1. When region 1-38 is examined, which residues are found to be part of a strand (DSSP E or B), open to solvent by less than 50 Å² (accessible area, probe 1.4 Å) and not hydrophobic (A, V, I, L, M, F, W, C)?
2. Can you pull out every residue in region 39-70 that is modelled with pLDDT under 95 and outside any loop (DSSP other than H, G, I, E, B)?
3. Can you pull out every residue in region 117-140 that is open to solvent by less than 60 Å² (accessible area, probe 1.4 Å) and touching a Leu at 6+ places or on another chain (Cβ under 6 Å)?
4. Please determine, by comparing only the residues of region 99-121 that are within 15 Å of the chain's Cα centre (by Cα) and among the hydrophobic types (A, V, I, L, M, F, W, C), which one is nearest to Thr58 (Cα to Cα).
5. For residues in region 88-103 being open to solvent by less than 30 Å² (accessible area, probe 1.4 Å) and under 26 Å from Ile136 (Cα atoms), which is modelled with the lowest pLDDT?
Amino acid sequence: DILYGFSVQLHATSTNVSVTAHQPIIYQNVITNIADMYDVTTGIVHPPVHGLYSLSVTVTENDGQDSMYVDLVVSDRVVCQASMLQSDISGNSVSIYPSGTCNTVVQLEPTGEVYVRPSESLAIAGRFNWFSGHLIQYFQ
């Protein structure tokens, strides 16, 4: 069996981490990183083998904005978007730490790059933001 996977958290203790619009988010707290898939200096995942992968992003906003969106990007193509809304349709606050998720299954090549990027510059809740993935099926 071939096993590859990663799980990273934006920050282990910080409540606010600033991220830059349209740039890869650099998750600093590495939980699992089999085969060094995740590059902690760039925030980019490099798939080690050609295969089918499951990817997941959870994002939590922490600076009082009404909404926030992050893209899961695979080789320059947005494959999934996590969105968060601070208030409901009537404008009532719905959560102290509103969050959003995106989960997808994609075919990846070893030459590909995978990363998460915000749609705008803002501060997000460091300890509540996660990015993870693992190989489901290896393709020869």
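1. Step one: list which residues in region 1-38 are part of a strand (DSSP E or B), which gives 5-9, 17-19, 29-34, 38.
Filter again for open to solvent by less than 50 Å² (accessible area, probe 1.4 Å), leaving 5-9, 17, 19, 29, 33, 38.
Scanning region 1-38 gives Gly5, Ser7, Gln9, Asn29, Asn33, Tyr38.
2. Thr58, Val59, Thr60, Glu61, Ser67, Met68, Tyr69, Val70
3. In the first step, residues of region 117-140 are kept if they are open to solvent by less than 60 Å² (accessible area, probe 1.4 Å); the result is 117-119, 122-126, 129, 131-133, 135.
Across region 117-140, the qualifying residues are Gly126, Asn129, Gly133.
4. Cys102
5. The qualifying residue modelled with the lowest pLDDT is Gly100.
The values are calculated or read from the model by the stated rules, or taken from the named source; none is laboratory data. None of the values given here were measured: they were computed from a predicted structure. Positions of Cβ are backbone-derived with ideal geometry, glycine not excepted, and every protein chain shown enters the neighbour counts. SASA here: full protein model, heavy atoms, side chains in, ligands and nucleic acids out. Shrake-Rupley method; radii C 1.70, N 1.55, O 1.52, S 1.80 Å.
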